[in-house]
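Structure record follows, encoded as structure tokens.
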Amino acid sequence: MKWLSKLFKSGGSGRGVTSGQHPQFLGDENMVWRVPPRSLDGCPRSDKDKEDLDHAIALSLAEDLKKPKGYGWRSDTDEDLSRSLHDSLNTSSYPPYAPTPYYPSGYRVCGACNQDIGFGNYLGCMGTFFHPECFRCRSCGYPITEHEFSLSGRDAYHKSCFKELTHPKCEVCHQFIPTNGAGLIEYRCHPFWSQKYCPSHEHDNVARCCSCERLESWNARYISLGDGRSLCLECMESAIMDTGDCHSLYHAIRDFFEGMNMKLDQEIPMLLVERQALNEAIVGEKNGHHHLPETRGLCLSEEQTVKSIQVLRRPRLAGQRLVGMRTQPQKLTRKCEVTAILVLYGLPRLLTGAILAHELMHGWLRLKGFRNLSPEVEEGICQVLSYMWLESEVMPGFNKNMASTSSGAASSSSSSSKKGGKSEVEKKLGEFFMHQIAHDVSPAYGGGFRAANAAVNKYGLRITLEHIRLTGSFPL
């Protein structure tokens with residue numbers, strides 16, 4: 001460089017470059033801050049030296065301005081360093097840096113309202129901050145001020161609210177079901193109605209409906225039938241209370257049998273009786289297998305005198321009891337293999353009809369000469385007829401085994417349509433009575449039904465009955 005040679009020429013007075021200092025350039029290439037003129041060895045310069053130095057600097061700047069933009073001095077080391085920096089920036093696997101917002105110390109945002117909490121009171125829960133009035137129960141919506149609370153997921157609850165939501169209550173006494181000795185919640189639950197209740201209510205004389213088996217709730221009184229039985233209000237709506245009311249249902253079920261080519265050749269008397277009269281008739285009856293502990297119907301084959309229910313008008317309620325019931329002794333004489341059919345009074349229409357269908361099947365078997373059948377076979381096939389009749393009532397489009405069953409189902413259903421049809425409550429009762437038959441645990445009634453039903457489903461009713469007549473057993 002020309003200016004460099006001039007510089008050294010001007011310094012030929014014996015003063016050398018010993019301090020290692022360089023001109024100080026600040027900013028970009030077009031901006032130069034001039035350093036105060038000093039000699040290279042730190043001694044004051046003469047006016048001639050200052051002039052030479054200024055001239056050399058000016059020449060250097062003029063040469064730089066003539067070069068392409070961006071051109072400058074670079075050593076090999078500078079080139080290598082620049083290349084390595086460029087490569088590292090291009091090959092980095094890290095994501096671009098995103099600066100986080102800066103919050104001053106003490107800055108918090110409420111997790112509920114998303115507003116600044118500032119330096120006021122706050123609550124901390126689940127890694128989140130809340131205004132005290134924003135930390136609320138998910139159930140009731142009121143602020144949680146207690147030191148202890150319940151969490152479900154990320155939702156907070158008052159302990160009392162959470163208990164109301166999750167701890168089961170007894171549907172009899174309406175109290176929280178207590179824990180047992182092991183600290184566990186123990187309760188009883190009806191398999192069909194799912195009624196939950198404290199285990200203690202099984203032994204504290206709480207009334208149970210004789211029809212649907214539900215326990216009496218403390219805020220819904222049951223009706224006493226006067227013979228130790230109680231009836232809930234839902235079952236009471238369709239209860240049959242006297243023999244006159246039952247006759248139309250009885251004839252509808254006979255039509256149902258006839259529709260399946262099982263016509264009853266004899267007119268079998270039918271009586272509605274009290275519990276005591278039915279129990280007395282059971283004692284005097286030599287034939288038949290009886291469903292314990294409660295028998296609701298009986299097909300008599302012996303001559304007896306039975307007290308039947310005869311009323312001039314429907315009984316009325318006096319408090320929680322029925323009044324106006326009258327009984328009348330009736331002499332039953334044997335004119336054929338079947339003397340009479342007895343059914344317990346005060347049961348809902350569908351349950352009464354199911355009992356009648358069962359007992360009529362007993363009568364049909366005796367009139368057709370079926371003898372010496374085992375309890376499992378006789379009770380099982382009778383339960384199948386009871387189940388089929390309920391099915392025709394609960395599911396009006398029911399058609400089983402043969403097309404002619406529809407006529408019987410239609411005749412039976414017509415009796416209910418005269419009363420305005422079945423309500424949803426009555427249909428649910430019908431489903432429960434079907435559930436009772438299907439899940440009965442007794443060998444004769446439960447096991448017999450399941451075996452008989454499997455045979456009827458596989459071979460049909462007519463072939464199954466013929467096989468029973470010839471062999472005394474169900475076809476396999």
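Can you tally the net charge around residue 214? Count Lys and Arg as +1, Asp and Glu as -1, for every other residue whose Cβ sits under 10 Å from the Cβ of residue 214. Intermediate results must be reported in sequence, preceding the final value.
Values: positive: 208; negative: 171, 213, 216, 234.
Cβ neighbours under 10 Å give a net charge of -3.
For a protection proxy built on the mean count of beta-carbon atoms within 10 angstrom, sort 174-182, 207-215, 455-463 highest first, please.
Details: 174-182: 11.1, 207-215: 20.6, 455-463: 17.0.
Peptide ranking by packing, descending: 207-215, 455-463, 174-182.
Compute the signed sum of charges (Lys and Arg +1, Asp and Glu -1) over the other residues within less than 13 Å, Cβ to Cβ, of residue 443.
So the surrounding residues net to -3.
Run the simple label-point estimate for residue 439 and residue 148 please: 7 Å along Cα→C-beta, distance reported in nm.
3.8
Highest first, please rank the peptides 344-351, 188-195 by the mean number of other Cβ atoms sitting within 10 Å of their residues.
344-351, 188-195
Enter the Cα centre distance for the pair region 340-389 and region 133-193, rounded to the nearest angstrom.
48
Within a Cβ distance under 9 Å of residue 159, other residues only, what is the Lys/Arg minus Asp/Glu net charge?
-1
Can you pick out the pairs among 169/428; 368/428; 163/196; 422/458; 196/427; 196/458 whose Cα atoms lie more than 28 Å from each other? Please list the in-between numbers first.
Working: 169/428 23 Å; 368/428 35 Å; 163/196 16 Å; 422/458 31 Å; 196/427 22 Å; 196/458 38 Å.
Among 169/428; 368/428; 163/196; 422/458; 196/427; 196/458, the Cα-Cα distance tops 28 Å for 368/428; 422/458; 196/458.
Between region 449-476 and region 245-277, what is the C-alpha centre distance in whole Å?
Result: 23 Å between the Cα centres.
Where a number appears in this text, it was derived from the coordinates with a stated rule and is not lab data. Bear in mind that the values here come from a model prediction, so they are computed numbers and not experimental data. Note that each Cβ is placed from the backbone with ideal geometry, even for glycine, and that neighbours are counted across all protein chains shown.
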